[in-house]
Amino acid sequence: MGITLLTPPLNVYEQMALDETLAQSAAEPVLRFYHWAAGTAVTFGYSQFWDFVRRQTPPPAVPLCRRPTGGGVVFHGQDLTFSLVFEGAQPRPKEIYAALHAAIERALEQTAALHSQRQGQVPVAAYAPAQGGNASGCFVNPVEDDLLLNGQKILGGAIRRFGQRVLYQGSLQCAGARGNPALRRAVAQGAAEFLAESWRPRAVSAQILAAARALAQSRYASAAWNEKF
């Protein structure tokens, strides 16, 4: 059985740090819906160039944070942001991405009456993250197996392995997503189907939270991390 992890409100640096902390230490599958501190934020993929990201995020300024995972620029305002940590049997991130998004797609239709479809019908040249030599905005150009609604991307994510554990970070972006309990249930249902697990809630421990906050200060909020490329 996996856990759905409950946290206090966290800023963008703490969100990224907590995901890494969980990926390095979790003994069981963990699904976490981000509890955001007030305000908006931007995350961008690990391999993106800082100057390019800055050009994609004009004023007014918002906090910018390099993710531990890949992908493009993601604006976090009213999106339902979540992460999933688990031991991954599938050898390739592409296979994980496709299977997880297929399960969430089914759950969105069953639980939220949201009839999305997986991307796979636009030319490969239009896919993110490669656009003109740089990773683009994650929700500007879909990649294969992203979820679309009425032709617009609504769900994308990125994956990184930490030894035997996999970290998936996702963003569901449609009207009212963050405050919609049906969408939250659908994501949880899809993740449960993907892992053949069920979920039980648990509050984050003081030890894990302290470790994540320390990592946020030492790495994720630092110029050395965010401007490294």
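Could you check the stretch 31-51 and list, in sequence order, the residues that are closer than 19 Å to Arg161 by Cβ and open to solvent by 30 Å² or more (accessible area, probe 1.4 Å)?
If the condition is that a residue be closer than 19 Å to Arg161 by Cβ and open to solvent by 30 Å² or more (accessible area, probe 1.4 Å), then Tyr46, Ser47 are the ones that fit.
Give me a count of the residues in the stretch 149-158 that are surrounded by 19 or more Cβ atoms within 10 Å (Cβ to Cβ) and either in a loop (DSSP other than H, G, I, E, B) or hydrophobic (A, V, I, L, M, F, W, C) (or both). Step through it out loud before you land on a result.
Here is the first cut: in the stretch 149-158, the ones surrounded by 19 or more Cβ atoms within 10 Å (Cβ to Cβ) are 153-158.
Checking which are either in a loop (DSSP other than H, G, I, E, B) or hydrophobic (A, V, I, L, M, F, W, C) (or both) leaves us with 154-155, 158.
Of the residues in that region, 3 qualify.
Any idea which of (1) at pLDDT 95 or above; (2) buried (at least 21 other Cβ atoms within 10 Å of the Cβ); (3) over 17 Å from the mean Cα position of the chain (by Cα); (4) of a type outside the set (Lys, Arg) is the one Glu28 doesn't satisfy?
Of the numbered conditions (1) at pLDDT 95 or above; (2) buried (at least 21 other Cβ atoms within 10 Å of the Cβ); (3) over 17 Å from the mean Cα position of the chain (by Cα); (4) of a type outside the set (Lys, Arg), the odd one out for Glu28 is (2).
When only residues in the stretch 1-18 that are of a type in the set (A, V, I, L, M, F, W, C) and crowded, with 18+ Cβ neighbours inside 10 Å count, which is farthest from the chain's Cα centre (by Cα)? Steps first, answer last, please.
So the first thing to find is which residues in the stretch 1-18 are of a type in the set (A, V, I, L, M, F, W, C), and the list is 1, 3, 5-6, 10, 12, 16-18.
Of the ones still in play, those that are also crowded, with 18+ Cβ neighbours inside 10 Å are 3, 5, 10, 12, 16-18.
Numbers: Ile3: 17, Leu5: 15, Leu10: 15, Val12: 12, Met16: 10, Ala17: 13, Leu18: 12 Å.
Here the answer is Ile3.
What residue, of Thr69, Thr81, Thr4, Thr21, is among the hydroxyl-bearing types (Ser, Thr, Tyr), closer than 22 Å to Arg185 by Cα and touching a Leu at 6+ places or on another chain (Cβ under 7 Å)?
Details: Thr69 fails: closer than 22 Å to Arg185 by Cα; Thr81 fails: touching a Leu at 6+ places or on another chain (Cβ under 7 Å); Thr21 fails: closer than 22 Å to Arg185 by Cα.
Checking each option against the conditions leaves just Thr4.
In the stretch 179-189, what residues are buried (at least 19 other Cβ atoms within 10 Å of the Cβ) and among the basic types (Lys, Arg)? Break it down into steps so the answer makes sense when it comes.
From the stretch 179-189, those buried (at least 19 other Cβ atoms within 10 Å of the Cβ) are 183-184, 186-189; that's our starting set.
If the condition is that a residue be buried (at least 19 other Cβ atoms within 10 Å of the Cβ) and among the basic types (Lys, Arg), then Arg184 is the only one that fits.
Against the definition (buried (at least 16 other Cβ atoms within 10 Å of the Cβ) and of a type in the set (Val, Ile, Thr)), how does Val62 come out, yes or no? So that I can check it myself, show each step before the final result.
Details: buried (at least 16 other Cβ atoms within 10 Å of the Cβ): no; of a type in the set (Val, Ile, Thr): yes.
Considered against the rule, which asks whether it is buried (at least 16 other Cβ atoms within 10 Å of the Cβ) and of a type in the set (Val, Ile, Thr), Val62 comes out as no.
Mind listing just one residue for me: the one in the stretch 190-204 that is farther than 18 Å from Leu149 by Cβ and part of a helix (DSSP H, G or I) and, of those, least open to solvent (accessible area, probe 1.4 Å)? Let's see the steps before the verdict.
Within the stretch 190-204, the first condition is being farther than 18 Å from Leu149 by Cβ, and the residues that meet it are 191-204.
Next, only the ones that are part of a helix (DSSP H, G or I) stay: 191-195.
Numbers: Ala191: 3, Ala192: 18, Glu193: 86, Phe194: 35, Leu195: 36 Å².
Across the stretch 190-204, the extreme among qualifying residues is Ala191.
Exactly one of (1) surrounded by fewer than 16 Cβ atoms within 10 Å (Cβ to Cβ); (2) out of contact with any strand residue (DSSP E or B) (no Cβ under 8 Å at 6 or more places or on another chain) is unmet by Arg54. Its number?
It fails just one condition, (2).
Please identify the pairs in which a residue from the stretch 91-114 that is open to solvent by less than 70 Å² (accessible area, probe 1.4 Å) has its Cβ atom under 6 Å from the Cβ atom of a residue that is at pLDDT below 90 and polar (S, T, N, Q), counting only partners at least 6 apart or on another chain.
From the stretch 91-114, the pairs are Ile96/Gln90; Glu105/Ser116; Leu108/Ser116.
For the stretch 69-92, does any single residue satisfy the condition of being of a type in the set (Asp, Glu) and more than 18 Å from the chain's Cα centre (by Cα)?
Let us first name the residues in the stretch 69-92 that are of a type in the set (Asp, Glu), namely 79, 87.
So of that shortlist, the ones also more than 18 Å from the chain's Cα centre (by Cα) come out as none.
No, the stretch 69-92 contains no residue that is of a type in the set (Asp, Glu) and more than 18 Å from the chain's Cα centre (by Cα).
Residues that are of a type in the set (Lys, Arg) and either under 17 Å from the mean Cα position of the chain (by Cα) or in a loop (DSSP other than H, G, I, E, B) (or both): does the stretch 95-111 have at least one?
The first filter runs over the stretch 95-111 and keeps only residues of a type in the set (Lys, Arg), leaving 106.
If we keep only those that are either under 17 Å from the mean Cα position of the chain (by Cα) or in a loop (DSSP other than H, G, I, E, B) (or both) as well, we get none.
Among the residues of the stretch 95-111, not one is of a type in the set (Lys, Arg) and either under 17 Å from the mean Cα position of the chain (by Cα) or in a loop (DSSP other than H, G, I, E, B) (or both), which makes the answer no.
Look through the stretch 159-175, keep the residues that are closer than 19 Å to Arg66 by Cα and either free of Cβ contacts under 8 Å to residues at least 12 places away in the same chain or open to solvent by 10 Å² or more (accessible area, probe 1.4 Å) (or both), and return whichever of them is nearest to the chain's Cα centre (by Cα).
In this case the residue turns out to be Gln169.
The values are calculated or read from the model by the stated rules, or taken from the named source; none is laboratory data. What you are looking at is a predicted structure, and each value in this text was computed from that prediction instead of being measured. Glycine gets a Cβ as well: all are built from the backbone with ideal geometry, and neighbour counts include every protein chain shown. With ligands, DNA and RNA removed, areas are computed over all heavy atoms of the protein, side chains included. Shrake-Rupley method; radii C 1.70, N 1.55, O 1.52, S 1.80 Å.
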